[in-house]
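Encoded as structure tokens, the structure appears first; notes follow it.
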Amino acid sequence: MNGLKTLQEIITLDIKVIIYSRTWGVTSTDPKFQYYLDFVETVANATYISLNEFHKYQDDTTLKDIDMVELAAKYYLHSYLDIVHITYDLFHELGESEELEINYRMIETMSSPALRYLTPSQRRCRFDDEPLTHEVPVYSTSLCYVICRYKLALKLCGCKPFFYHFLAGKVCDIKGLMCLSKYADNITQSPSQIGCKCPQPCDLIVYLPQIPKYTKWEYGYFDQRITFRWGLLPPTTKYRRDILFWI
């Protein structure tokens with residue numbers, strides 16, 4: 001043994017710390033340990049599509065006041081000008097002893113300073129410092145989608161899912177999440193189908209994934225480890241949004 005812990009061991013250890021010292025005070029030998037471990041994984045993997053998985057926890061009073069945001073963590077690759085939303089590209093899953101290698105091609109569109117003299121309706125785009133509402137002080141297409149779905153969630157169930165923690169309003173308890181799960185197909189429709197009017201951003205960076213390469217390690221150093229390698233292919237073309245004529 002070289003004393004190094006695998007990623008899975010580190011994740012499992014961290015979850016055990018959460019379950020024992022910060023939340024429910026049970027050890028790995030307690031009969032309910034696996035039950036709480038499953039709950040943590042359900043929270044961490046929560047999307048509108050998977051909210052129905054909370055049904056087995058809806059009558060558990062020990063989960064009533066849990067801060068779900070504190071339990072959840074995910075990693076995504078996206079532009080610094082934007083965030084992830086429910087209709088974002090599908091994520092990649094890796095199991096033990098697997099390696100994923102993937103390259104991303106970047107496409108960048110930047111705007112001429114002259115566009116600042118036009119109104120958003122004239123140029124048909126918005127800069128990131130031109131928010132649509134006062135709730136969020138910046139603008140991006142994904143943020144616009146999120147706010148649109150957030151308002152729909154409040155309208156349908158009177159609460160917001162915990163992953164909208166940066167927006168005002170009552171956070172759904174487990175029963176509230178079960179309410180949202182009934183409308184998941186509606187809420188997760190394409191933005192245009194649920195009435196979201198979201199202008200395109202004036203400055204835009206898109207990362208296009210290339211064909212991923214998966215490797216399964218049967219033995220050697222990477223056995224029982226999870227490895228993710230990614231690369232960024234430099235753009236050969238840069239697009240510029242500018243004024244051709246001004247009426």
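The values are calculated or read from the model by the stated rules, or taken from the named source; none is laboratory data. Nothing here was measured: the structure is a model prediction, and the numbers come from that model. Heads up, the Cβs are rebuilt from the backbone with ideal geometry, glycines too, and the neighbour counts pull from every protein chain shown.
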Among the residues of the range 56-66, is any surrounded by 13 or more Cβ atoms within 10 Å (Cβ to Cβ) and modelled with pLDDT under 75? yes
S97 being at pLDDT 65 or above, surrounded by 13 or more Cβ atoms within 10 Å (Cβ to Cβ) and touching a Cys at 6+ places or on another chain (Cβ under 6 Å): no
Which condition number in (1) under 30 Å from E218 (Cα atoms); (2) at pLDDT below 75; (3) under 15 Å from the mean Cα position of the chain (by Cα) is the one that T42 fails? (2)
If we keep only residues of the range 146-176 that are buried (at least 19 other Cβ atoms within 10 Å of the Cβ) and among the β-branched types (V, I, T), then the residue nearest to the chain's Cα centre (by Cα) is V146
Within the set of pairs 6+ apart or on separate chains, which have a first residue in the range 134-147 that is in contact (Cβ under 8 Å) with a residue 24 or more places away in the chain and in a loop (DSSP other than H, G, I, E, B), a second that is buried (at least 16 other Cβ atoms within 10 Å of the Cβ) and polar (S, T, N, Q), and C-beta atoms under 9 Å apart? S140/S79
Keeping to the range 181-199, report how many residues are touching a residue at least 40 places away in the same chain (Cβ under 8 Å) and either touching an Asp or Glu at 6+ places or on another chain (Cβ under 7 Å) or of a type in the set (G, A, S) (or both). 4
Which condition number in (1) over 30 Å from E130 (Cβ atoms); (2) in contact (Cβ under 8 Å) with a residue 24 or more places away in the chain; (3) not in a strand (DSSP E or B) is the one that Y219 fails? (2)
For the range 113-133 the number of residues that are touching a helix residue (DSSP H, G or I) at 6+ places or on another chain (Cβ under 7 Å), under 18 Å from P191 (Cβ atoms) and not in a loop (DSSP other than H, G, I, E, B) is 1
